[in-house]
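Computed from the coordinates by the stated procedures, all read-outs in this text should not be read as laboratory data. Please read all numbers here as calculations on a predicted model, not as lab measurements. Here the Cβ positions follow ideal geometry from the backbone for every residue, glycine too, while neighbour counts run over all protein chains shown.
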Amino acid sequence: MNLFILILNINNMKKEFLTYEQAKALKELGFDEKCLWYYTTHGTLIEERWYKHPNKSSWTVNTPLKQQAFRFFREKFGLAGIIEAVNKTHYEFYILPLGQEEYVKPPNAFNTYEEAESACIDKLIELAKEVKNGDNN
């Protein structure tokens with residue numbers, strides 16, 4: 001029964017986590033916070049408490065909640081992602097570089113909040129990579 005509850009909980013929670021590709025990109029950008037779940041290098045979600053392995057970081061990727069990712073972008077890169085409901089079936093996102101008055105609003109229109117949220121994270125990743133690469137030049 002506990003395994004059933006565990007499977008049920010993760011299935012209900014999957015929409016709260018970044019995708020495997022997004023989690024890998026955050027790792028490359030320096031995200032290294034403790035997470036409750038991890039992706040294996042094969043893209044399988046595993047719960048942290050079940051896998052106590054000394055070399056876990058070599059074969060896993062931290063799987064942050066979307067709210068952790070948004071906080072990471074604000075704190076590390078000064079980029080705030082904002083999701084807006086235009087109406088019941090139309091969502092858009094904006095990105096506000098903190099300390100600036102102008103925001104980034106790429107052309108976007110999504111049918112669900114979750115689609116807009118995921119696309120916003122993808123755009124934040126793209127902009128954070130530009131910031132990081134600009135710092136190295």
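Karplus-derived 3J(HN,Hα) values for the stretch 70-78, using 6.51 cos²θ - 1.76 cosθ + 1.60 with θ = phi - 60°, are 4, 5, 4, 5, 5, 6, 8, 10, x Hz; glycine and proline are entered as x. Put simply, the amide H of Leu79, placed in the peptide plane, has neighbours under 5 Å in Arg74, Leu98, leaving out anything fewer than 5 places away on its chain.
Subtracting the Cα-Cα distance of Tyr94 and Thr112 from 0.36 nm times their residue separation leaves 5.0 nm of extension gain. Each other residue within a Cβ distance under 11 Å of Tyr94 adds +1 if Lys or Arg and -1 if Asp or Glu, for a net charge of -1.
With a threshold of 20 Å on the Cα-Cα distance, the over-threshold entries among Lys14/Lys66; Lys14/Lys129; Lys24/Lys105; Lys14/Lys132; Lys15/Lys129 are Lys14/Lys129; Lys24/Lys105; Lys14/Lys132; Lys15/Lys129.
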